[in-house]
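Just below is one structure, and these are the notes that go with it.
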Amino acid sequence: MTEHAVVIAGGGPAGMMLAAELALANVDVAVLERRPDHVLAGSRAGGFHSRTIEVLDQRGVADRFLAEGQVAQAATFATTVLDMSDFPTRHPYSLGIWQNQIERIMAAWVAELPVRIYYESEVTGFAQDDSGVDVECSRGQSLRAQYLVGCDGGRSVIRKAAAIEFPGWEPTRSNLIAEVETTEEPPLGVRHDAIGIHGIGRLEYEIRDGEVVYMDGGPVRVMVTEQQLGPSSEPTLHDLSEALISVYGSDFGIHNPTWISRFTDMTRQAAAYRAGRVLLAGDSAHVHSPAGGQGLSLGVQDAVNLGWKLAQVVNGVSPQSLLDTYQEERHPVAARALRHTMAQVALQRQDERTKALVDVVSDLVSMDEPRKRLAGILSGLDIHYDLGEGHPLLGRRMPDLDLVSAGGPLRVFELLHDAKPVLLNLGERGGFDIAPWAERVQLIEASYEGEWELPVLGAVTAPVAVLIRPDGYVAWVGDQTQLGLPEALSTWFGPATGA
């Protein structure tokens, strides 16, 4: 039996991000991926919102994705684009990038790290005990791990086998999405009607002055709402043809599909993100309509929240109770995203009654405060983990400030490339002694002269010092009295050495 500290079921974006996080923390991690490689047939889903681009920037790999994607103001609510170009972030935009590109780039990054990937293999069963999990795999091998993480999608085998409930709402509508060739030139763009939303676009496109400009020729990407809720079986080219004819009056001679898929607005969330030594992340923990484009971002951010915590438990730095904070922090974030996604789906219908509601909502969203509030939610920039009372920074993302240190200029996010926590002292040098945590926490002394501004909240009082977790969220704000600092260090990064 082969042993690993952590086994991850599923090598999609959430699973691979989690594998990278664990590898950065020197955890022996393996990924089980049912496909033969990380090459996806077709473009699939696509896009990251601002906070997820920041998360990738924290690890020093955002430029790899930005080089292949299209930067745009793509966060929308109802029919209104939520312009966030005035948000205080280096990435005040969304990134249009297809999932097949995302997975290829992420796989190349993970290949640079000590991660074992078992291709053409998936979990068929497992049994956990007090010290670990025995994992049975489809190719006959058996693995032993301290922890098993299910990143195996909305139909998660791991979630079901762990008997974790998955409450929520049944689907009310379905959409077909496909990549096909056509013999006739279809009308490109988005269309709304009483049934829902439909769209046809070229796979190759550019964003010019905020507008989508499609390249000439090539396959098209089709998304069409079905007249009735479709069956759970795999859709066919005939199904797509019928759906297109019902909406457009023609199927434009569709042929040679690269892939065809059906998705619904089913909305569910795992009642628990952990059952003993089994955890869930990404679509295994929550499913919803892709309206709003939050799915990939939610999964990647789950992984970044869980990764460093699981690593500290595995490495014996922190007690298992640290894993409880994973659900405490991420469950409310996903629950809010699910509510907003359901609202987005409801507003996609354009019958006269719903259109009246859309018009009212669009008027409200065009106002500055509602725009900022909703853009903060969709982008993930307003996430606030409840870490108690205190400075507005507490529990929120640390801004990527341009600092000045003795060694020269540096960005805050550069300090997080190795996924290690940072105590950033912006006051008098030599005022902090964290020797009992010195091997776990970086102490950085620097200065910053600019204004402190947070998305949605605006300007905040400049802190003297902040303790930044590996996921980029602030765990403590204080000064050189160090009030509460030892407690925060112990809570998040284990007891003091020698304690």
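Would you check if Ile177 is aliphatic (A, V, I, L, M), open to solvent by 10 Å² or more (accessible area, probe 1.4 Å), assigned to a strand (DSSP E or B) and within 30 Å of Glu206 (Cβ to Cβ)? Full working, then the answer.
Working: aliphatic (A, V, I, L, M): yes; open to solvent by 10 Å² or more (accessible area, probe 1.4 Å): yes; assigned to a strand (DSSP E or B): yes; within 30 Å of Glu206 (Cβ to Cβ): yes.
Judged against the criteria, Ile177 is a match.
Every test in (1) of a type in the set (Asp, Glu); (2) under 27 Å from Leu310 (Cβ atoms); (3) touching a strand residue (DSSP E or B) at 6+ places or on another chain (Cβ under 7 Å); (4) outside any strand (DSSP E or B) is passed by Glu68 save one, and that test is (2).
Being on the phi > 0 side of the Ramachandran plot and of a type in the set (Gly, Ala, Ser) narrows it down to one of Gly150, Gly140, Gly154, so name that one. Outline the logic, then answer.
Working: Gly150 fails: on the phi > 0 side of the Ramachandran plot; Gly154 fails: on the phi > 0 side of the Ramachandran plot.
Result of the check over Gly150, Gly140, Gly154: Gly140.
Across segment 436-488, the number of residues qualifying as open to solvent by 60 Å² or more (accessible area, probe 1.4 Å), part of a strand (DSSP E or B) and under 22 Å from Gly408 (Cα atoms) comes to 1.
Taking segment 274-288 as the range and being open to solvent by less than 10 Å² (accessible area, probe 1.4 Å) and part of a loop (DSSP other than H, G, I, E, B) as the test, the residues that pass are Ala281, Ala285.
Within segment 181-194, take every residue that is farther than 25 Å from Ala343 by Cα and part of a loop (DSSP other than H, G, I, E, B) and give me the one that is least open to solvent (accessible area, probe 1.4 Å). Only one residue tops the list, namely Pro186.
Filtered by the rule that a residue be of a type in the set (D, E, K, R) and not in a helix (DSSP H, G or I), segment 95-130 gives Glu112, Arg116, Glu120, Glu122, Asp129, Asp130.
Sub-7 Å Cβ pairs linking a first residue in segment 475-497 that is within 21 Å of Glu428 (Cα to Cα) to a second residue that is in a helix (DSSP H, G or I), at least 6 apart or interchain, are Ala475/Ala488; Ala475/Trp492; Trp476/Leu485; Trp476/Ala488; Gly478/Leu485; Leu489/Trp437, ordered by first then second residue. Number of residues in segment 406-435 that are of a type in the set (A, V, I, L, M, F, W, C), assigned to a strand (DSSP E or B) and under 24 Å from the mean Cα position of the chain (by Cα) equals 1.
With the structure loaded, tell me whether Asp302 is touching a Lys or Arg at 6+ places or on another chain (Cβ under 6 Å) and in a helix (DSSP H, G or I) or whether it fails that test. Talk me through it step by step, then tell me what you get.
Working: touching a Lys or Arg at 6+ places or on another chain (Cβ under 6 Å): yes; in a helix (DSSP H, G or I): yes.
Spelling it out, Asp302 is indeed touching a Lys or Arg at 6+ places or on another chain (Cβ under 6 Å) and in a helix (DSSP H, G or I).
Which of the residues spanning segment 78-94 are open to solvent by less than 20 Å² (accessible area, probe 1.4 Å) and outside any loop (DSSP other than H, G, I, E, B)? Of everything in segment 78-94, just one residue is open to solvent by less than 20 Å² (accessible area, probe 1.4 Å) and outside any loop (DSSP other than H, G, I, E, B), namely Ser94.
Consider Thr76 carefully, then state whether it is out of contact with any Ser or Thr (no Cβ under 9 Å at 6 or more places or on another chain) and in contact (Cβ under 8 Å) with a residue 60 or more places away in the chain. When the stated conditions are applied, Thr76 passes them.
I want to confirm something. Restricting to segment 14-26 and keeping residues that are open to solvent by 10 Å² or more (accessible area, probe 1.4 Å) and touching a Leu at 6+ places or on another chain (Cβ under 9 Å), which single residue is nearest to Arg155 (Cα to Cα)?
Here is the first cut: in segment 14-26, the ones open to solvent by 10 Å² or more (accessible area, probe 1.4 Å) are 14, 24-26.
Retained after the next criterion (residues that are touching a Leu at 6+ places or on another chain (Cβ under 9 Å)): 14, 24-25.
Working: Ala14: 15, Leu24: 29, Ala25: 29 Å.
The selected residue is Ala14.
Can you say whether Arg268 is among the basic types (Lys, Arg), touching a His at 6+ places or on another chain (Cβ under 9 Å) and either over 24 Å from Asp129 (Cβ atoms) or open to solvent by 30 Å² or more (accessible area, probe 1.4 Å) (or both), as far as the supplied structure shows? Here the answer is yes, as Arg268 does meet what is asked. Scanning segment 327-356 for residues being acidic (Asp, Glu), within 30 Å of Asp471 (Cβ to Cβ) and open to solvent by 40 Å² or more (accessible area, probe 1.4 Å) gives a total of 1.
Kindly provide the set of residues from segment 415-428 that are touching a Leu at 6+ places or on another chain (Cβ under 9 Å) and among the charged types (D, E, K, R), ordered by number.
Filtering segment 415-428 down to residues touching a Leu at 6+ places or on another chain (Cβ under 9 Å) leaves 415, 417-426.
Scanning segment 415-428 gives Asp418, Lys420.
Considering segment 27-51, and only residues there that are within 19 Å of Gly140 (Cβ to Cβ) and basic (Lys, Arg), the residue that is least open to solvent (accessible area, probe 1.4 Å) turns out to be Arg35.
Out of curiosity, is Gln146 under 25 Å from Asn26 (Cβ atoms), surrounded by fewer than 20 Cβ atoms within 10 Å (Cβ to Cβ), under 27 Å from the mean Cα position of the chain (by Cα) and of a type in the set (S, T, N, Q)? Against the criterion (under 25 Å from Asn26 (Cβ atoms), surrounded by fewer than 20 Cβ atoms within 10 Å (Cβ to Cβ), under 27 Å from the mean Cα position of the chain (by Cα) and of a type in the set (S, T, N, Q)), Gln146 qualifies.
Would you please name the residue that is surrounded by the fewest Cβ atoms within 10 Å (Cβ to Cβ), looking only at residues in segment 195-244 that are among the charged types (D, E, K, R) and touching a residue at least 40 places away in the same chain (Cβ under 8 Å)?
First pass over segment 195-244, keeping only residues among the charged types (D, E, K, R): 202, 204, 206, 208-209, 211, 216, 221, 226, 234, 239, 242.
This time we only want the ones that are touching a residue at least 40 places away in the same chain (Cβ under 8 Å), so: 206, 221, 226, 239.
Values: Glu206: 12, Arg221: 20, Glu226: 21, Asp239: 19.
Of everything passing the filter in segment 195-244, Glu206 is surrounded by the fewest Cβ atoms within 10 Å (Cβ to Cβ).
Taken together, Met367, Met398 contain a single residue that is out of contact with any Cys (no Cβ under 8 Å at 6 or more places or on another chain), of a type in the set (A, V, I, L, M, F, W, C), open to solvent by less than 30 Å² (accessible area, probe 1.4 Å) and closer than 27 Å to Pro332 by Cβ, which is Met398.
The values are calculated or read from the model by the stated rules, or taken from the named source; none is laboratory data. Here the structure is a predicted model, which is why all the values come from computation and not from measurement. No Cβ is skipped: glycine too gets one built from the backbone with ideal geometry, and neighbour counts run over all protein chains shown. Please note that ligands, DNA and RNA were not included when accessible areas were found on the heavy atoms of the full protein model with its side chains. Shrake-Rupley method; radii C 1.70, N 1.55, O 1.52, S 1.80 Å.
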